[in-house]
Amino acid sequence: MLARKKVLWPIRLKHVFSSVFLVLMILYSAPMRVQAQSPELPPFDPTSLVFETVAGDYGNIYNVIQDKDGFLWLAGINGAIKYNGYEAETIYSGDTISALFEDSEGLIWMNALSGLVVYDKKTGKISTYVSNPDEPNALSGGSFLFFQKTQLFAEDRDGFIWIATVNGLNKFDKKSGQFTAYKHKAGDPATLLDNDVWSVLTAKDGSLWVGTATGLH
């Protein structure tokens, strides 16, 4: 029995070292997640605020969000800009952007003067959606660019994207690529109070809250 143990011990050690080496190789070869770099900032002191100007020609900025990777996204008159803490990169230009939203898949939704713009951070693909009154499954209404409106997007538990517009509330199905519009219908209390929808929010309990020009749902 003793001789058998002397033979098995180095074999077991060899297996342990091989396993550790394999784990280290997997960790070393795994792709690293790219994140924004944050410059070192002093502790926040609300009694002595100092406003530091970020270099660059950004124009009017209407909305700012931070995505899951730590990057800042700026919506402005010059389009949509991604800021990594040191440098700015224009992602979408040629149109004014007033509101931004990141969904659970990392897609960046933009409210543009011409309609909706969706940017896929993984592929760099940009998709645009415009209203078409002749198409029942298209985005409803025309331009819904109002700079005082920034809570224009929400995502529910099923992954549907809800969009507030001046001509109803829209639900977008990413699988089918189709919109469903919900509008006010005279005499029907179960419909929207007003087609001019100002804001939309999905609560933690899954309920959908909709703010219109004349009331709240």
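Taken together, the values in this text are just the output of simple stated rules run on the coordinates, not laboratory data. None of the values given here were measured: they were computed from a predicted structure. Cβ placement follows ideal geometry from the backbone for every residue including glycine, while neighbour counts extend to all protein chains displayed.
Only residues of the stretch 95-109 count here: report those whose backbone N is under 18 Å from the spot 7 Å along Cα→Cβ of residue 178, or say none.
Correct set: none at all.
Using the Karplus curve 6.51 cos²θ - 1.76 cosθ + 1.60 with θ = phi - 60°, what ³J(HN,Hα) values do you get for each residue of the stretch 195-207, in whole Hz, with x for Gly and Pro?
Running phi through 6.51 cos²θ - 1.76 cosθ + 1.60 with θ = phi - 60° gives 6, 7, 8, 9, 7, 8, 8, 9, 7, 5, 7, x, 6 Hz.
Quick query: amide H of residue 71 versus all other amide H atoms, modeled in the peptide plane; which residues come in under 5 Å with a sequence gap of 5 or more or a different chain?
Excluding prolines and chain starts, which carry no amide H, the hits are 36.
Beyond 22 Å between alpha-carbons counts as too far, so tell me which of 183/204; 82/175; 82/122; 122/174; 82/121; 125/174 fall in that bin.
Cα-Cα > 22 Å for 183/204; 82/175; rest within.
Quick check on packing: order 61-67, 108-114, 84-90 by the mean number of other C-beta atoms within 10 Å, highest mean leading.
108-114, 61-67, 84-90
For 192, 49, 139, what ranking results if the residue with the fewest other Cβ atoms within 10 Å of its Cβ goes first?
By the 10 Å Cβ count, ascending: 49, 192, 139.
How big is D for the stretch 39-180, in µm² s⁻¹ as a whole number, if Stokes-Einstein is applied with the Kirkwood radius of its Cα pairs at 20 °C and 1.002 mPa s?
It comes out at roughly 132 µm²/s.
What per residue convex hull volume, in Å³, comes out for the stretch 125-217 when only alpha-carbon positions are used?
120 Å³
If each of residue 203 and residue 60 carries a label point 7 Å out from its Cα toward its Cβ, how far apart are those two points in nm?
3.4 nm
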